[in-house]
Amino acid sequence: MYDFAVLGGGIVGLSTAMMLGKKFPNASLVVVEKESKVAVHQTGHNSGVIHSGIYYKPGSFKAKFTRAGSQSMVEFCQKHDLPHEVCGKVIVATKKKELPLLDNLYKRGLENGLKVKKISPEEVKEKEPYVSCLAGIYVPTSGIADYKKVCQKYAEIIQQQGGEIKLNTKVLKISNSNNCKFVETNQGEIQAKFIINCGGLYSDRLAQLDKVNPQAKIVPFRGEYYQLTPEKSYLVKSLIYPVPNPEFPFLGVHFTKMIDGSVHAGPNAVLSLRREGYKKTDFDIKELAEVITYPGFWRLAAKHADEGIKEIIRSFSKAAFVSSLQQLIPEVTENDIVPCEAGVRAQALKMDGKLVEDFLIIQDEKALHVCNAPSPAATASLEIGKYIVGKIPQTVGV
């Protein structure tokens, strides 16, 4: 019998477990992870960006947690000597029609309490000499980190606190009995007074096992990346983003300087044919059928048909991908980029075809389910963990 069972060993689950250990030092705790190590999926394929919070609706969880998280993540990395850099980010308008959108984004940054600055094309070139644009915003609090190493440190702290991490342990069934939760796994049964579902790509399934309806389904979107060849990495000094289309739920292809000095370009956003489908050839007929029989998916697809087609073209045409990158840096050619590892975003989608824009956290009497925590959840992980722990009844951990 444990006081707490955290389902999922990604960055949100590990942060939550670590925060539980801090608040309830005498409580027993277990993290259950189906893979052979932690941080395998969304976290392990993360772009490594420390986000600032500029994009998100003022007052939302994403806005509040990301703004605070951009500071707490840096402080955590400093404290534990983990690789990170607060390198700043430029967001640039490359077409006249984007200028009003850039202004709106600047205002949103101010509303979110960020020290954003409008900069001229000449000032952009001082920071990123190879970028071509009409205007830009400088976001000084953005940066980069190694989230795999952050997770390793979270796991180390959990174990130092007395918590357990059970790997290769897949949840099969959840039931209630005798005032506690019974979690049946492929490695036997786990009993807990309270469970926290941080299952990422399978968070909706885990919620349903606990007879909770999140009113949304996880739809997996694969983000495909290229990497600049080492000889061309000089083209990018930090983070370079386009002005996002406010009608489209993704940020557009951009350049990201990674913590190892390499530069990633992307991602596009295409439907993944399985929840953990990192390659175009990855396919699961049941998981795909689940998506294409969901009315919300077709409503989303109809609304964003034009942009969706562009994303698919970018997926299969390197020339089209390069053309998007050239909007930011005209010098980039097809010979300058090579494919690299993709990621999959676990995005909650409602029946009406609207994406769940904010983090979705559902509380029950003996459980809490995190049913939407895509980017910027890594940046905000410490803040999400604090929030979740603040929601736990004090009597559970005593």
Inset, instruction - With a 1.4 Å probe and every protein chain kept in, tell me what percent of the accessible surface of segment 118-249 is carbon plus sulfur. - result: 45
Legend entry - P(r) histogram, all alpha-carbon pairs of segment 1-112 included - 5 Å bins from 0, percent: 2, 10, 13, 17, 18, 15, 10, 7, 4, 3, 1, 0, 0
Legend entry - Ellipsoid semi-axes in whole angstrom, largest first, where each is sqrt(5λ) of the Cα gyration tensor of segment 283-323: 24, 15, 4
Inset, instruction - Return the whole-Å distance between the Cα centroid of segment 262-314 and the Cα centroid of segment 358-396. - result: 27
Legend entry - Inter-part distance where segment 38-60 and segment 80-111 are each reduced to a Cα centre, Å: 15
Inset, instruction - Have a look at PRO58, PRO100, PRO220 and tell me which one the Gaussian network model of the chain (Cα, springs below 10 Å) gives the largest fluctuation. - result: PRO100
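Over segment 323-397, what percent of the accessible surface lies on carbon and sulfur atoms, probe 1.4 Å? Intermediate values should be presented prior to the final figure.
Numbers: 1400 of 2940 Å².
Looking at segment 323-397 in its full context, I get 48 percent from C and S.
For the chain, what is the accessible area per residue in Å², given a 1.4 Å probe and the full set of protein chains?
On the way: 17340 Å² over 398 residues.
Heavy-atom accessible area per residue stands at 44 Å².
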Legend entry - C-alpha long axis of helix 99-111 to longest principal axis of the chain, angle in °: 40
Legend entry - In degrees, nearest ten, helix 147-160 long axis to first principal axis of the chain (Cα): 20
Inset, instruction - Arrange the peptides 347-355, 298-306, 15-23 so that the one whose residues have, on average, the most other Cβ atoms within 10 Å appears first. - result: 15-23, 347-355, 298-306
Inset, instruction - Can you check what the Kirkwood hydrodynamic radius comes to for segment 239-300, Cα pairs only, in Å to one decimal? - result: 14.1
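I want the antiparallel fraction of DSSP beta bridges within the chain, as a percent rounded to 5. Write out the running numbers ahead of the final one.
Numbers: 49 of 68 bridges.
Percentage antiparallel, nearest 5: 70.
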Inset, instruction - Measure off 7 Å from each Cα along the Cα-to-Cβ vector at SER132 and LYS166, then give the distance between these two points in nanometres to one decimal. - result: 5.8
Legend entry - Listed residues SER177, SER375, SER323, most fluctuating in the chain (Gaussian network, C-alpha, under 10 Å): SER177
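Which value in Å is the Kirkwood Rh of the chain over different Cα pairs? Please list the in-between numbers first.
Details: mean 1/r = 0.0462 Å⁻¹.
Averaging 1/r across every pair of different Cα atoms and inverting gives 21.7 Å.
Per residue, how big is the convex hull of segment 295-398 when only Cα atoms are used? Give it in Å³.
Details: hull volume 15.8 nm³, N = 104.
That works out to 151 Å³ per residue.
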Legend entry - Angle between the chain longest axis and helix 11-23 axis [Cα atoms, degrees, rounded to 10]: 50
Inset, instruction - Pop a pseudo-label 7 angstrom from the Cα along the beta-carbon direction at both ASN245 and ASN213 and give the gap in nm to one decimal. - result: 3.3
Legend entry - Within the chain, helix-based [θ] at 222 nm, where runs of 4 or more DSSP H residues each add -39,500 (n - 2.57), nearest 500: -9500 deg cm²/dmol
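The values are calculated or read from the model by the stated rules, or taken from the named source; none is laboratory data. Since the model is a prediction, treat every value here as computed from it, not as a measurement. Note that each Cβ is placed from the backbone with ideal geometry, even for glycine, and that neighbours are counted across all protein chains shown. Surface accessibility is based on the protein's heavy atoms, side chains included, excluding ligands, DNA and RNA. Shrake-Rupley method; radii C 1.70, N 1.55, O 1.52, S 1.80 Å.
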